[in-house]
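> Please find one structure pasted underneath; my questions will follow.
The values are calculated or read from the model by the stated rules, or taken from the named source; none is laboratory data. All values derive from a computational prediction rather than experimental measurement. A quick note on method: Cβ atoms are made from the backbone with ideal geometry, for glycine too, and the neighbour counts reach across all protein chains shown.
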Amino acid sequence: EAVTTVDGLPAFARLKIHARSSKWQLLDRDEDQYTPAWATDLDFGGWRSKLDSILPHVSHVTMLRAYSSSARVLKMDGTAVGGGNGHVWIKVANAEDVERTRTAIMARAVELGLSWAKPKHSKTTGEVVAHSQATIIDASVWTRGRLVFVGMPVCVGNLTIIPQKFEII
């Protein structure tokens, strides 16, 4: 059912029905223009401490940390284009609990005052049509079948790319 024909050529579709939950889960830190200063000002240790409030004891598990693509691009002053953006992987005991945990992440963040409203814009007019809640991690990646792209950045002008580093914590 995942194979179809497009312009006479066979094509394969990646469908969630064929995906399995993974024990390896991503704690994706994304900062943008809507992220409040209290969240962007957190260094990695401060971020982990706030994260521990949302997912109790997560700061005590082994983590694999890597920079996101945008965090590897530096401006002339040495600051990252992507601010504190980054990826941290953890291994959970039960992959089947991932969906339930995804829901709990946002509920806990709201309860603890660790969330903020993020506007959703119309693709046609650009106007704000709704708001969603955001927090210090992107809970949307905690879904079965979600692909996470971590590509080598490409830049021009007065920007510098630093090599990818991995850190086991």
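> With the condition being within 18 Å of the chain's Cα centre (by Cα) and modelled with pLDDT of 85 or more, I'd like the strands (runs of 3 or more DSSP E) fully within region 1-82 carrying at least 3 qualifying residues.
Strands (runs of 3 or more DSSP E) meeting the threshold: 24-29, 64-67.
> Another question, if that's okay. Go through region 125-155 and count every residue that is among the polar types (S, T, N, Q) and not in a loop (DSSP other than H, G, I, E, B).
Adding up the residues that qualify gives 4.
> If you don't mind, another one. For Thr101, state whether it is part of a loop (DSSP other than H, G, I, E, B) and either surrounded by fewer than 18 Cβ atoms within 10 Å (Cβ to Cβ) or in contact (Cβ under 8 Å) with a residue 12 or more places away in the chain (or both). It would help to see each step written out before you state the result.
On the way: part of a loop (DSSP other than H, G, I, E, B): no; either surrounded by fewer than 18 Cβ atoms within 10 Å (Cβ to Cβ) or in contact (Cβ under 8 Å) with a residue 12 or more places away in the chain (or both): yes.
Taking the combined requirement at face value, the residue does not satisfy it.
> Considering only residues that are outside any loop (DSSP other than H, G, I, E, B) and closer than 29 Å to Leu51 by Cα, which ones fall in region 156-167?
Within region 156-167, the subset outside any loop (DSSP other than H, G, I, E, B) is 160-161, 166-167.
Of everything in region 156-167, those that are outside any loop (DSSP other than H, G, I, E, B) and closer than 29 Å to Leu51 by Cα turn out to be Ile161, Phe166, Glu167.
> Could you list, in sequence order, the residues of region 150-163 that are under 17 Å from the mean Cα position of the chain (by Cα) and farther than 17 Å from Ile90 by Cα?
Gly151, Met152, Pro153
> Another one. Identify, from the list Ile161, Ile168, the residue that is over 14 Å from Leu27 (Cβ atoms), at pLDDT 90 or above and either surrounded by 12 or more Cβ atoms within 10 Å (Cβ to Cβ) or of a type in the set (Lys, Arg) (or both).
Ile161
> Specify the residue that is surrounded by the fewest Cβ atoms within 10 Å (Cβ to Cβ); the eligible residues are those in region 8-58 that are farther than 22 Å from Trp89 by Cβ and among the small types (Gly, Ala, Ser).
This residue is Gly8.
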